[in-house]
Amino acid sequence: MLEIKNLHVKLEEEDKQILKGVDLSVEAGKVHAIMGPNGSGKSTLSYVLSGRDGYAVTQGGATLEGEDILAMEPEERAAAGLFLAFQYPVEIPGVGNMTFLRTALNAQRKARGQEEMSAADFLKLIREKAKTLQIDAEMLKRPVNVGFSGGEKKRNEILQMAVLEPRMCILDETDSGLDVDAMKLVSDGVNALRDACRGFLVITHYQRLLDHIQPDVVHIMADGRIIKTGGPDLALEVEKNGYADILTEVA
Amino acid sequence: MAVPQVKQDATEARLAGIALPEGAGWAVTARQAALARVREMGLPHGRDEYWKFTRPDTLIAPQAPSAALFDAGEAPLFGARDRLHVVFRDGVFDAAASDPLELAGIEIERLSDAMARDIHWARDLYGTLEARGQTPVARPLAALNTALATDGLVIRVTGKPARPVSLSYLHDSETSDVHLHHVIRVEPGAELTLLENGPAAARFNKVMEVDIADTGVLHHVRAQGRDHERRAVTGSFARLGAGSVFKSFTLTVNGVLTRNECVIELTGDDAVAHVAGACLGDGADFHHDDTVFVTHDAVNCESRQVFKKVLRNGATGVFQGKILVKSGAQKTDGYQISQSLLLDGDSQFLAKPELEIYADDVACSHGSTSGAIDETALFYLRARGVPERQATDLLVLAFLAEALEEIDDDSIAEELTDRLKAWFDRRA
Ligand SMILES: Nc1ncnc2c1ncn2[C@@H]1O[C@H](COP(=O)(O)OP(=O)(O)OP(=O)(O)O)[C@@H](O)[C@H]1O
Ligand SMILES: [Mg+2]
């Protein structure tokens, strides 16, 4: 599904190399987790994949179902099925949540040559998805993320994911800021989307999320590289001993 | 102060060969007085304090630059409303296209008819509010209008008419040079909504004198026409009595040159005046200027100025706004915000916000900002699949929303917002 090969990325504005050869492939139907110390490049990887400005790919590449996604505009990547749940969801004053989501959904459908969804069908869809994530109607009326608590913003990201039904989902620290109950809600939301044709890349610092969203593969990222890959046990090891052992082991 | 020779020359060049329109004695007197004011002040010059950002030459040239006609290919705004519809074609009242001038709660007639009559209530107002608005800042083009205008409406609001008065300004001649003058008197407790729509002329000079008696209310919403080459200079002069309300909103899209002046005098306690504007400018030949002067001369009045401009491809926006609080105008609540969204580095916003306060117990604030599109928000929208153009449009609408919210009637605000969306969609 998602193939990342020897990806080198530097900042566009300054001569700072952030990703130094990332190799990673996420198969359809699988959940991969990425853990790693602060500043190791996890969010950068997610931004580069989704097309944010400010980064320059100096070597390597990435494909989504065989297509070179790095050559696409951000909106084309979204239409191709890529979704990033942001570590810091953005507030957009003046743009209503419903308008935002409906515009996004219909833009994606249009790009894929599908018919736009009617207002009535959309309302039905979003009500149903919001209900399972316990997002109330009042929140949907407000401007995108404005005045939302940290946890509400994260739930809103998952709502968007549930409505847009992307094929490849990247979740950047979606668990941070969530209380225990919200963590369960969000995980249920993610698990509900798990199926044979969808891939997940879950960035997290904590085992707790992985208790709910059981990963198939766990990667450790440090200093812009994947330095170790293993099964679910690897996350448990990090939880118990931190990164010191792993870092010395590969050094 | 003597008028500099260059200004005298330009003024006389403009006035050469012009004869004042005929009418009743009082009308002739008012026009002569206005013409004297024009000569006394001289027509605007680029060195005048409030003309530094906007070049007046094409507005004062003897010959109006021509303006190509523009067919928007869409239903005119406000057309679907239940309204009293009045049409002016290149500044001339079009009786055939208009509804009969009858509406319960108002007296309405054509300016030329009123000015032909020896006795008329408009006599006390025509040119009076405009003349009051000449100090401390001269507005010579408004005086020129008072001198030359023959057409327009005089409206006396005595009740609360069920329908708005809706004016359509059609532009049929590429060379039309028009002076239109309305006089509106809102009697105590009366209330009217006045809508204006259309480009009006190649060069349009409009003055609206508004006298609102105690507890009267006037809502004013206008959309200036989208003809790319049209020029407009407008002056709204409003005097507010105690507990009265004046709310005015203007939407401007296109037009090479627009100068909207608004002069408001709060003369009775507890009066409320809101002026707002939303403007969309595209291209180096777009120049839009809001010049507002609000005078607080009574206790416990509220004034709000909310102006938003979206500028791209080298467009220029100007805002000159002043709040003057006279001594004794205690408990004044004055607010002013002017903001521009610059969609590229070529566009510019020039702002001159001013506060002048001679009372000690007042709350006045003003702010002016100029900013680019929020790149983080733009990326967030695009990452959800919204194409760049459409995402920008969403953010532009969000930016303008704050000005559109100043319109009290939600259905009118919605109609303007929907129209903006439709324009965006069509271009996309
Ligand atoms: N635009 C930028 N300007 C300057 N430095 C940047 C920029 N983007 C990323 N960096 C730097 O790149 C490194 C990687 O950052 P990134 O946000 O990808 O880390 P992370 O692994 O997601 O960390 P965390 O676990 O704290 O979220 C950091 O040192 C960060 O400061
Ligand atoms: Mg991060």
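The values are calculated or read from the model by the stated rules, or taken from the named source; none is laboratory data. Predicted, not measured: the structure shown is a model, and the values here were computed from it. Neighbour counts are summed over all protein chains in view; Cβ atoms, including those assigned to glycine, are modelled from backbone coordinates with ideal geometry. In case anyone asks, the SASA skips ligands and DNA or RNA and just uses the protein heavy atoms, side chains included. Shrake-Rupley method; radii C 1.70, N 1.55, O 1.52, S 1.80 Å.
Figures for the structure shown
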{"quantity": "FRET efficiency, 1/(1 + (r/R0)^6) with R0 30 Å, evaluated for B:E405 and B:A24 via beta carbons", "calculated": "0.10"}
{"quantity": "Distance between modelled label sites at B:L15 and A:T63, nm, 7 Å Cα→Cβ extension", "calculated": "8.1"}
{"quantity": "Estimated vicinal HN-Hα couplings, Hz - the stretch A:209-225 in sequence order (Karplus 6.51, -1.76, 1.60; Gly, Pro = x)", "calculated": "5, 6, 5, 8, 9, 5, x, 8, 9, 10, 10, 10, 10, 8, 6, x, 9"}
{"quantity": "Dimensionless Rg over Rh [the stretch B:1-117; C-alpha; Kirkwood]", "calculated": "1.06"}
{"quantity": "Count of lysine pairs in the stretch B:285-401 with Cα separation under 22 Å (8 or more residues apart, or interchain)", "calculated": "7"}
{"quantity": "Eligible aspartates and glutamates near A:K240 by straight Cα distance, threshold 18 Å, same-chain separation 8 or greater", "calculated": "A:D211, A:E249"}
{"quantity": "Candidates A:G113, A:G231, A:G51: whichever shows maximal mean-square fluctuation once chain A is modelled as a Gaussian network with Cα springs under 10 Å", "calculated": "A:G113"}
{"quantity": "Candidate lysines - alpha carbon under 16 Å from A:K129, same-chain residues fewer than 8 apart omitted", "calculated": "A:K141, A:K153, A:K154, A:K184"}
{"quantity": "Carbon plus sulfur fraction of accessible area for the protein assembly as shown, probe 1.4 Å, in percent", "calculated": "49"}
{"quantity": "Cα pair distances of the stretch A:155-238 binned at 5 Å [whole percent]", "calculated": "3, 13, 26, 25, 18, 11, 3"}
{"quantity": "The stretch B:1-70 - convex hull of the alpha-carbon atoms, volume per residue in Å³", "calculated": "137"}
{"quantity": "Per residue accessible area of the stretch B:5-374, 1.4 Å probe, in Å²", "calculated": "36"}
{"quantity": "Calculated over the protein assembly as shown: convex hull of Cα atoms, volume per residue (Å³)", "calculated": "185"}
{"quantity": "Separation of the A:R109 and B:D285 label points, Cα + 7 Å toward Cβ, nm", "calculated": "4.1"}
{"quantity": "Farthest positive-ward along the stretch B:5-374 dipole, Cα basis, beta-carbon charges - from B:C364, B:P353, B:G235", "calculated": "B:P353"}
{"quantity": "Unit charges on C-beta of K, R, D, E only; dipole of the protein assembly as shown, Debye", "calculated": "420"}
{"quantity": "The stretch B:71-131 versus the stretch B:412-428: alpha-carbon centroid distance in Å", "calculated": "27"}
{"quantity": "log10 of Debye I(q)/I(0), alpha-carbon scatterers only, for the stretch B:5-374 at 0.07, 0.11, 0.14, 0.15 Å⁻¹", "calculated": "-0.28, -0.73, -1.25, -1.45"}
{"quantity": "Cβ-Cβ FRET estimate between B:R55 and B:K352, R0 fixed at 22 Å, reported to 0.05", "calculated": "0.90"}
{"quantity": "Cross-link partners of B:K160 among lysines (Cα-Cα below 21 Å; sequence separation of 8 or more within a chain)", "calculated": "B:K247"}
{"quantity": "Per-q log10 I(q)/I(0), the stretch B:199-307, q = 0.19 Å⁻¹ (Debye; single scatterer per alpha-carbon; no solvent)", "calculated": "-0.87"}
{"quantity": "In the A-B interface, the accessible area buried, summed over both sides, Å² (probe 1.4 Å)", "calculated": "1900"}
{"quantity": "Lys/Arg +1, Asp/Glu -1 at C-beta; the stretch B:5-374 dipole; positive extreme among B:G105, B:A34, B:A190", "calculated": "B:A34"}
{"quantity": "Convex hull volume per residue in cubic angstrom - Cα atoms of chain A", "calculated": "126"}
{"quantity": "FRET efficiency estimate (nearest 0.05) - Cβ-Cβ, A:S149 to A:D188, R0 22 angstrom", "calculated": "0.70"}
{"quantity": "List of the stretch A:91-107 residues, accessible area with partners at least 40 Å² below that of the chain alone (1.4 Å probe)", "calculated": "A:I92, A:V95, A:F100, A:T103, A:A107"}
{"quantity": "Rounded to 10°, Cα long-axis angle of helix B:410-427 versus longest principal axis of chain B", "calculated": "60"}
{"quantity": "Helix-only CD estimate at 222 nm, as mean residue ellipticity for chain B, using -39500 (n - 2.57) per DSSP H run (n ≥ 4)", "calculated": "-6500 deg cm²/dmol"}
